[in-house]
Amino acid sequence: MNPSPLPGPPDPADRPARLTVGVVGAGRVGSALAAALRQAGHRPVAASGVSDASVRRAAALLPGVPLVTPAEVLARADLVLLTVPDDALPGLVEGLADTGAIRPGQLLVHTSGRYGTAVLEPALRAGALPLALHPVMTFTGTSVDVQRLAGCSFGITAPQELRLAAEALVIEMGGDPEWIAEEARPLYHAALALGANHLVTLVAQSMELLRTAGVEAPDRMLGPLLGAALDNALRSGDGALTGPVARGDAGTVAAHVSELRKRAPQTVAGYLAMARTTADRALAHGLLKPELAEDLLGVLAEGDLR
């Protein structure tokens, strides 16, 4: 007699759905989070989005979920993701509250890094349960985003009585909840923008300069270097600083500024600002000798005057 086959992993479709989920703003973030909640056993039932990209994204990540108005999303869902740009969030919340679209007991979740739950105050007055869940991840608008949520940190802010609920939702999506106080949200978000968004700018500029210098595959050249630099920085902080600025090689830095001014003048201001910041940090941490710092800072000051 053949042995019975071992049971496979449970199918999320076979699990009882605990919450109906709606998305107001079917952008990259909202679609990915709703898809992750679906994998956890919840049931996306409605989304709003007007752009062609939103329609395509919802079809790919949330198949079968109808696109309706924001008010209709709230009417259908127990948990509503407000995934709109930061500047649009306050007006959206006020509008939904003023029109009576918000139901008492409804979980209202925004994903803005900038805001905590104070921006949801109009919804709170209407009886909603406010949560701020910000995934610390860059999104592509494809299914890979759902996979990247595994181990992704989420900056969470919520009323104390909802803290466990906020953490549970993040864990269900595969994320790692990190508590951020309401008053610390702007600083928290500035730190992430400084690290991630500015990193993209720096890397893109570096690749452009390498192409100008004749390098055929700048991404392949930079990959190992930047990977090692990032790993060292995460492990050692300022102790990982290397290069001509940290060494106090004023002549090399002057040559850089001169060449950039001739070949890529749009990069000079950024180079000088980052070099000055690097010099300050290297000096403060004892990596840059004071006698070398004077000449270096002189070169940087002279670069500003040209």
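The values are calculated or read from the model by the stated rules, or taken from the named source; none is laboratory data. These numbers were taken from a predicted model, which means no experiment stands behind them. Note that each Cβ is placed from the backbone with ideal geometry, even for glycine, and that neighbours are counted across all protein chains shown.
Points to keep in mind about this one:
- For residue 183, the stated conditions hold: it is within 23 Å of residue 120 (Cα to Cα), acidic (Asp, Glu) and in a helix (DSSP H, G or I).
- Residue list for segment 143-166, restricted to those being within 24 Å of residue 56 (Cα to Cα) and surrounded by 15 or more Cβ atoms within 10 Å (Cβ to Cβ): 145, 146, 148, 149
- Failed criterion for residue 151 (all others in (1) in contact with a helix residue (DSSP H, G or I) (Cβ under 9 Å, 6 or more places away or on another chain); (2) farther than 14 Å from residue 185 by Cβ hold): (1)
- Extreme residue, surrounded by the most Cβ atoms within 10 Å (Cβ to Cβ), among residues of segment 188-241 that are in contact with a helix residue (DSSP H, G or I) (Cβ under 8 Å, 6 or more places away or on another chain) and not in a helix (DSSP H, G or I): 241
- Between 80, 93, the distinction of being surrounded by 14 or more Cβ atoms within 10 Å (Cβ to Cβ), closer than 25 Å to residue 174 by Cβ and not hydroxyl-bearing (Ser, Thr, Tyr) belongs to 80 only.
- Test: residue 125 is of a type in the set (Lys, Arg) and under 28 Å from residue 54 (Cβ atoms): no
- Members of segment 285-298 that are within 36 Å of the chain's Cα centre (by Cα) and assigned to a helix (DSSP H, G or I): 293, 296, 297
- Flag for residue 55 being assigned to a loop (DSSP other than H, G, I, E, B), among the β-branched types (Val, Ile, Thr) and either assigned by TED's automatic domain parsing to the domain that holds residue 132 or without any contact (Cβ under 8 Å) to a residue 12 or more places away in the chain (or both): no
- Residue in segment 245-254 that is closer than 30 Å to residue 113 by Cα, in a helix (DSSP H, G or I) and of a type outside the set (A, V, I, L, M) present: no
- Flag if residue 282 is part of a helix (DSSP H, G or I) and under 24 Å from residue 195 (Cβ atoms): yes
- Figure legend. Inter-residue proximity from segment 155-181: first residues closer than 14 Å to residue 110 by Cβ, second residues surrounded by 15 or more Cβ atoms within 10 Å (Cβ to Cβ) and modelled with pLDDT under 95, beta-carbon distance below 6 Å, spacing 6+ or different chains. No pairs are indicated.
This table checks each residue for (1) within 30 Å of residue 273 (Cβ to Cβ); (2) free of Cβ contacts under 8 Å to residues at least 24 places away in the same chain; (3) out of contact with any Pro (no Cβ under 7 Å at 6 or more places or on another chain); (4) assigned to a loop (DSSP other than H, G, I, E, B).
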site: 89; (1), (2), (3), (4): no, no, yes, no
site: 102; (1), (2), (3), (4): no, no, yes, yes
site: 120; (1), (2), (3), (4): no, no, no, no
site: 147; (1), (2), (3), (4): no, yes, yes, no
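- Cβ-Cβ under 6 Å pairs, at least 6 apart or on other chains, segment 190-218 side assigned by TED's automatic domain parsing to the domain that holds residue 153, far side surrounded by 11 or more Cβ atoms within 10 Å (Cβ to Cβ): none
- Every residue from segment 125-145 that is without any contact (Cβ under 8 Å) to a residue 24 or more places away in the chain and of a type in the set (D, E, K, R): none
- Restricting segment 160-180 to residues that are in a helix (DSSP H, G or I) and among the acidic types (Asp, Glu), the residue that is farthest from residue 80 (Cα to Cα): 161
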